[in-house]
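So the structure is just underneath, and the comments pick up after that.
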Amino acid sequence: MKELSLNILDVAKNSVKAEASLIEIELEETEETLLIRIRDDGCGMEPEFLARVVDPFSTTRTTRKVGMGLPLLKLAAEQTGGTLSIRSVPKSAGTPSGTTVEALFYKNHMDFTPLGDIISTVTLLIQGNPDIDFRFVHTMPDRTVELDTRELRAVLGDEVPLSDYAVLAWMEESLREQYAS
């Protein structure tokens, strides 16, 4: 993929398919590194599937027999000298379930893929999944950009959906202002 924001979109869509009610996207950026963490409270993965989840021929898709999202994210991280780790607790464990994907990138490496349009990625995820809560936090050396749909729901109530054009436009503008600060 040409932008890491597209990898984030792909992993978050897996969280949607896992019936998550909360998806957290955290970016921790230093001068040298970018850590992407996507955490959900979905159904999780059984240990057998988790062990082979980065194999492109291991997929839960029914429309095709190949799943490239996590393998491509792993490749992109490793090409910079970074890593990919995945932790998951399945519903069958009897404890809170969910999955956490972490990818570490070294930004100064010549193979580092740019982050891309993360604002569009976040707003697209919310627009397409207005019943799911999203928490987005991008911590950089000089600022932090945040958006939490749970806070928006508390203000808007049940009358105004998060997919409403005015709400989406406000979210996008809020993120743009935070990045510009």
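The values are calculated or read from the model by the stated rules, or taken from the named source; none is laboratory data. Just so we're clear, the structure is a prediction, and the values are computed from it rather than from any experiment. A quick note on method: Cβ atoms are made from the backbone with ideal geometry, for glycine too, and the neighbour counts reach across all protein chains shown.
For PRO114, the test of being within 29 Å of VAL167 (Cβ to Cβ), touching a residue at least 12 places away in the same chain (Cβ under 8 Å) and surrounded by fewer than 19 Cβ atoms within 10 Å (Cβ to Cβ) is passed. For segment 1-43, the set of residues classified as more than 21 Å from HIS109 (Cα to Cα), of a type in the set (A, V, I, L, M, F, W, C) and not in a helix (DSSP H, G or I) consists of ALA18, ALA20, LEU22, ILE23, ILE25, ILE38, CYS43, listed by residue number. Can you confirm whether GLU159 is exposed (fewer than 12 other Cβ atoms within 10 Å of the Cβ), modelled with pLDDT under 95 and over 27 Å from GLY82 (Cα atoms)? Considered against the rule, which asks whether it is exposed (fewer than 12 other Cβ atoms within 10 Å of the Cβ), modelled with pLDDT under 95 and over 27 Å from GLY82 (Cα atoms), GLU159 comes out as yes. Candidates THR95, THR100, THR123: the one that is modelled with pLDDT of 95 or more and surrounded by fewer than 21 Cβ atoms within 10 Å (Cβ to Cβ) is THR100.
On the stretch given as segment 123-181, residues that are in contact (Cβ under 8 Å) with a residue 24 or more places away in the chain, within 23 Å of LYS13 (Cβ to Cβ) and not in a helix (DSSP H, G or I) total 15.
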